1. Report yes if some residue within region 86-109 is at pLDDT below 90, surrounded by 10 or more Cβ atoms within 10 Å (Cβ to Cβ) and touching a Pro at 6+ places or on another chain (Cβ under 7 Å); otherwise report no.
2. Are any residues in region 163-179 within 21 Å of L108 (Cα to Cα) and either modelled with pLDDT of 95 or more or among the small types (G, A, S) (or both), and if so, which ones?
3. Which one of G198, G161, G193, G118 is crowded, with 17+ Cβ neighbours inside 10 Å and not hydroxyl-bearing (S, T, Y)?
4. Counting only residues that are of a type outside the set (D, E), more than 18 Å from L93 (Cα to Cα) and not in a strand (DSSP E or B), how many does region 160-200 have?
Amino acid sequence: MNDAWNALQWDFEEKKVPHSLKKGVMDYVFKRNRNAIRKPKHSYTLKNQFSLLARGLLIFLTATSLLFALDNHFPQSFLTGIQPYNTVPSQVLNTMMIQASDVTNNQLTGYAAVIQEGQSKKLIVQVENMPKLKGSEVYQVWLLKDGERENAGIFKPNENGTGILSFPLKKEGQFDQIGITTEPDETSLQPRGKKIAGTG
């Protein structure tokens, strides 16, 4: 702060003294009561003594000092004990391995997990080393229960072949297996392409 304070003198703006200054000062002195005590205008003096840049720097240094003082004043246990307002505990209910359904894709691996967040559940699917898609092709995830299929959404992998999907599950929603197919586009209501991976 000493270095910053000493540097303020280089930020002053020099102004020429008007010729009428002496006359104005003398007129003011003789017209006013010399014995009158006036309250100094500190804000006016500060404004005229320092430029906009210097005043901003002064305010910034003062605010920073206050923050450091507050940080050292409160115990660390109090600061670390503050939790976000919307924090909802998560619980992993189930995990499943995903494997390639074709021996030519033996490098494809992945997993699926059912996660409980408060009153809601969601399915997270992540697959690695997926084959590259062509044109409008997408990967589509299907949930199977007693021979019935439910569309759980579509995704496209990144350049490294990693694909991730998050799907909200119904309260009573249950499934036995997960299948992933390559679909020609994103409009499939039932599987039209080849199954490339799944849990069964």
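1. yes
2. Selection gives G163, S166, G179.
3. Numbers: G161 fails: crowded, with 17+ Cβ neighbours inside 10 Å; G193 fails: crowded, with 17+ Cβ neighbours inside 10 Å; G118 fails: crowded, with 17+ Cβ neighbours inside 10 Å.
Of the residues listed, the single one that is crowded, with 17+ Cβ neighbours inside 10 Å and not hydroxyl-bearing (S, T, Y) is G198.
4. Just the residues of region 160-200 that are of a type outside the set (D, E), to begin with: 160-171, 173-175, 177-182, 184, 187-200.
Applying the additional criterion that residues be more than 18 Å from L93 (Cα to Cα) yields 160-164, 179-182, 184, 187-198, 200.
Filter once more, keeping what is not in a strand (DSSP E or B): 160-162, 184, 187-193, 200.
Number of matching residues: 12.
The values are calculated or read from the model by the stated rules, or taken from the named source; none is laboratory data. None of the values given here were measured: they were computed from a predicted structure. Cβ sites come from the backbone with ideal geometry, for glycine too, and all protein chains shown count toward neighbours.
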